[in-house]
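Undergrad: Here it is, the structure, as structure tokens.
The values are calculated or read from the model by the stated rules, or taken from the named source; none is laboratory data. Since the structure is predicted, the reported quantities are computational estimates derived from the model, not experimental observations. Every residue, glycine as well, gets a Cβ built from its backbone with ideal geometry; the counts of neighbours run over all protein chains shown. Note: areas computed on protein heavy atoms with side chains; ligands, DNA, RNA excluded. Shrake-Rupley method; radii C 1.70, N 1.55, O 1.52, S 1.80 Å.
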Amino acid sequence: VMAKVQFTDMTALELSYLNYLNTSGSDPVKWNMIEWFLLHIATKIANEKVLRGIQGYFHTPATGTAGHFMHAADGLIKKLFDYNRERKLLPFVDANCDDYTSATIGDVLTYFVSQIAAVREDWADFVIYVNEAHRPWFIHWYESKYGTFNNYNGAVTDIVPEYNNAIKWVPGMGNMQFIFASLPGNIQLLENVPGEEYRMQFQRDLEEVIAFSYWKEGVGAGFVGKAISAANWAAYDGADQIIFMNWPAVTLEADDDAPDAEDGRIFVTSDNSEGTGVGGADVPVEIEDIDNAEEGVIYIIVCGGDTNATTIQKAGKMSISKDWEPTAVGQWIALYYDATEDKFYEADRG
């Protein structure tokens with residue numbers, strides 16, 4: 001990852017009435033002001049790193065164009081999805097834990113741990129990770145079910161009801177209803193040399209200065225689980241893995257061609273109607289847009305039904321490498337949105 005900032009000619013500032021605040025002499029390059037700017041830029045770098053560490057999705061930027069900060073490195077969610085594609089991590093796809101509200105979050109967490117307990121004897125050692133933005137939901141649910149002063153001090157304890165597994169609230173997850181669990185310390189955000197992002201170097205060219213830094217970051221787990229063969233995957237129960245997650249996907253109704261980003265980030269298509277066109281021909285269901293899409297977010301479309309399967313054509317707002325026309329359940333495409341061009345680009349497919 002890299003950060004580059006250009007400070008252009010400050011001569012006008014030197015000649016302005018603000019010069020009475022000047023403590024750096026007549027040099028138009030005001031180093032004390034640059035240092036002040038960089039302190040705030042460092043805060044921005046830190047905040048972006050937190051978001052990227054959770055939701056990042058690496059994508060090579062176009063030549064000559066600065067890439068979006070969220071696409072500079074893979075984050076935790078992308079890594080867990082990769083483990084699933086490598087058949088090392090079986091998610092809980094049960095409808096009882098793929099979604100929750102402020103009225104159900106506690107019940108869903110309890111059910112989630114019950115599924116771990118069904119296959120792991122050491123279930124009590126697992127930490128449950130949940131979206132920090134939804135902690136108020138958990139507090140509301142807890143107080144509604146058990147009462148405000150259930151533990152005599154009015155505070156809600158961050159543990160899973162009935163099982164007592166610790167809950168850790170994860171920042172930077174947007175509004176995703178994503179739950180995952182592992183043993184403490186198993187999943188780590190990685191960096192090559194701690195603090196490299198703040199090790200700014202400077203290049204001066206007459207009245208202009210460029211400040212820049214480079215660093216490496218990523219995420220990984222010490223152990224996920226045994227790689228399961230394709231033949232055995234359907235019968236696998238997850239007993240050999242030490243990471244668990246739900247599958248926060250939104251299932252589109254039959255013939256639905258308009259996913260909405262406010263509903264989620266993973267969309268699973270369904271079997272679509274047949275024979276509704278002229279002469280009994282199938283009417284193709286084509287996704288041409290994702291409503292309310294945001295920059296820096298990866299949206300995944302998964303084929304969940306191969307009857308008149310939903311497609312995406314390389315046209316209009318969909319600037320993808322080629323038409324996406326899945327022929328089997330499970331095939332997918334990942335897209336990201338460019339607000340400047342008002343187009344979707346392909347990040348990956350499989």
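Undergrad: Would you mind checking the tilt of helix 31-55 against the longest principal axis of the Cα atoms of the chain, expressed as 0 to 90 degrees and rounded to 10?
TA: Helix 31-55 sits at roughly 10 degrees to that axis.
Undergrad: Given Q6, V119, S102, which one lies farthest toward the positive end of the charge dipole of segment 1-150, if we put +1 on the Cβ of every Lys and Arg and -1 on the Cβ of every Asp and Glu?
TA: Q6
Undergrad: With no solvent and one point per C-alpha, what does the Debye sum give as log10 I(q)/I(0) for segment 208-316 at q = 0.14, 0.15, 0.18, 0.22 Å⁻¹?
TA: Those come out to -0.83, -0.89, -1.03, -1.16, one per q.
Undergrad: Also, quick follow-up: Starting from segment 172-224, pick out the chymotrypsin sites (Phe, Trp or Tyr not before Pro) whose DSSP state is loop and whose Cβ has at most 14 other Cβ atoms within 10 Å.
TA: Here the sparse-neighbourhood loop sites are F223.
Undergrad: How much accessible area per residue does the chain have, in Å², with a 1.4 Å probe?
TA: Numbers: 18070 Å² over 350 residues.
Here the per-residue accessible area is 52 Å².
Undergrad: R349's amide H: which non-local residues (gap 5+, or another chain) put their own amide H closer than 5 Å, with H modeled 1.01 Å from N in plane and none for Pro or chain starts?
TA: A334
Undergrad: Going Cα to Cα from K226, which lysines come in below 26 Å? Please leave out same-chain ones fewer than 8 positions away.
TA: Cα-Cα hits under 26 Å: K78, K79, K88, K168.
Undergrad: Could I ask something else about it? Taking the alpha-carbon distance from K44 and a cut-off under 15 Å, which aspartates and glutamates remain once sequence neighbours fewer than 8 residues away in the same chain are dropped?
TA: E35, E196, E197
Undergrad: Let's see if you can work this out: charge +1 on each Lys and Arg Cβ, -1 on each Asp and Glu Cβ, no other charges. What is the dipole magnitude of the chain about its Cα centre, in debye to the nearest 20?
TA: Numbers: 24 positive and 52 negative charges, 275 e Å.
Value, rounded to 20: 1320 debye.
Undergrad: Something else now. Could you give the size of the charge dipole of segment 180-238 about its Cα centre, using +1 on the Cβ of each K and R and -1 on the Cβ of each D and E, expressed in debye and rounded to the nearest 20?
TA: It works out to roughly 380 debye.
Undergrad: Which ³J(HN,Hα) values, rounded to whole Hz and listed in residue order, are derived for segment 102-114 from phi using the Karplus coefficients 6.51, -1.76 and 1.60 in 6.51 cos²θ - 1.76 cosθ + 1.60 with θ = phi - 60°, glycine and proline given as x?
TA: Whole-Hz 3J(HN,Hα) from phi for segment 102-114: 5, 8, 10, 4, x, 5, 5, 5, 4, 5, 4, 5, 4.
Undergrad: Dipole magnitude of segment 1-116 about its Cα centre, charges +1 at Lys/Arg Cβ and -1 at Asp/Glu Cβ only, in debye to the nearest 20?
TA: Computed about the Cα centre, the dipole is about 300 debye.
Undergrad: Indicate the gyration tensor shape class of segment 55-144 (rounded, prolate or oblate), computed on the Cα atoms with a ≥ b ≥ c the square roots of the eigenvalues: a/c under 1.5 is rounded; otherwise a/b larger than b/c is prolate and the rest oblate.
TA: Verdict is oblate for segment 55-144.
Undergrad: To continue, here is another question. Around F178, which amide H atoms from residues at least 5 apart in sequence, or from another chain, sit under 5 Å from its own amide H, with H modelled in the peptide plane?
TA: Correct list: N131.
Undergrad: Which of W215, I179, A133 sits closest to the plus end of the dipole of the chain, meaning its Cα is farthest towards the positive end, when Lys and Arg get +1 and Asp and Glu get -1 on the C-beta?
TA: Farthest towards the positive pole: W215.
Undergrad: Nearest 5 percent is fine: what portion of the DSSP beta bridges confined to the chain is antiparallel?
TA: That works out to approximately 70 percent antiparallel.
Undergrad: At a temperature of 4 °C and a viscosity of 1.567 mPa s, determine how fast segment 150-268 diffuses translationally according to Stokes-Einstein, using the Kirkwood radius over alpha-carbon pairs as Rh; express D in µm²/s, rounded to the nearest whole number.
TA: The estimated diffusion coefficient comes to 65 µm²/s.
Undergrad: Give me the distance between the Cα centres of segment 188-227 and segment 65-131, rounded to whole Å.
TA: 27
Undergrad: Now for a different question. Which of the GluC sites (Glu not before Pro) found in segment 121-202 are in a DSSP loop and have at most 13 neighbouring Cβ atoms, other than their own, within 10 Å? Don't skip to the answer; put the middle values down first.
TA: Values: sites: E121, E132, E143, E162, E191, E196, E197; in loops: E121, E162.
Hits after loop and neighbour filter: E121, E162.
Undergrad: Oh, and also: For the chain, which longest stretch is free of loop sites, where a loop site is one of the trypsin sites (Lys or Arg not before Pro) that DSSP puts outside H, G, I, E and B and that has at most 13 other Cβ atoms within 10 Å?
TA: Longest gap between qualifying sites, sites excluded: 1-198.
Undergrad: Through the Karplus equation 6.51 cos²θ - 1.76 cosθ + 1.60, θ set to phi - 60°, convert the phi angles of segment 228-239 into ³J(HN,Hα) values in whole Hz; use x for Gly and Pro.
TA: 9, 5, 4, 5, 9, 5, 5, 9, 6, 10, x, 5
Undergrad: Same structure, new question: What number, in nm² with one decimal, is the all-direction average of the projected area of the convex hull of the alpha-carbon atoms of the chain?
TA: Reported value for the Cα convex hull: 24.6 nm².
Undergrad: What are the ³J(HN,Hα) couplings of segment 253-269, residue after residue, when phi is run through the Karplus curve with 6.51, -1.76, 1.60 and θ = phi - 60°? Round to Hz, x for glycine and proline.
TA: Whole-Hz 3J(HN,Hα) from phi for segment 253-269: 5, 3, 6, 7, 10, 9, x, 10, 4, 6, 8, x, 10, 10, 10, 10, 7.
Undergrad: Mind listing the long-range amide H neighbours of T251? Cut-off is under 5 Å, sequence gap 5 or more, other chains count too, H placed in the peptide plane at 1.01 Å from N.
TA: Result for T251 returns V268.
Undergrad: Can you list, largest first and rounded to whole Å, the semi-axes you get for segment 1-112 by taking the square root of 5 times each eigenvalue of its Cα gyration tensor? Intermediate results must be reported in sequence, preceding the final value.
TA: Numbers: eigenvalues 462, 71, 19 Å².
The three semi-axes for segment 1-112 are 48, 19, 10 Å.
Undergrad: What FRET efficiency comes out for R87 versus W31 if R0 is 35 angstrom and r is the Cβ-Cβ distance? Round to the nearest 0.05.
TA: Result of the calculation: an efficiency of 0.05.
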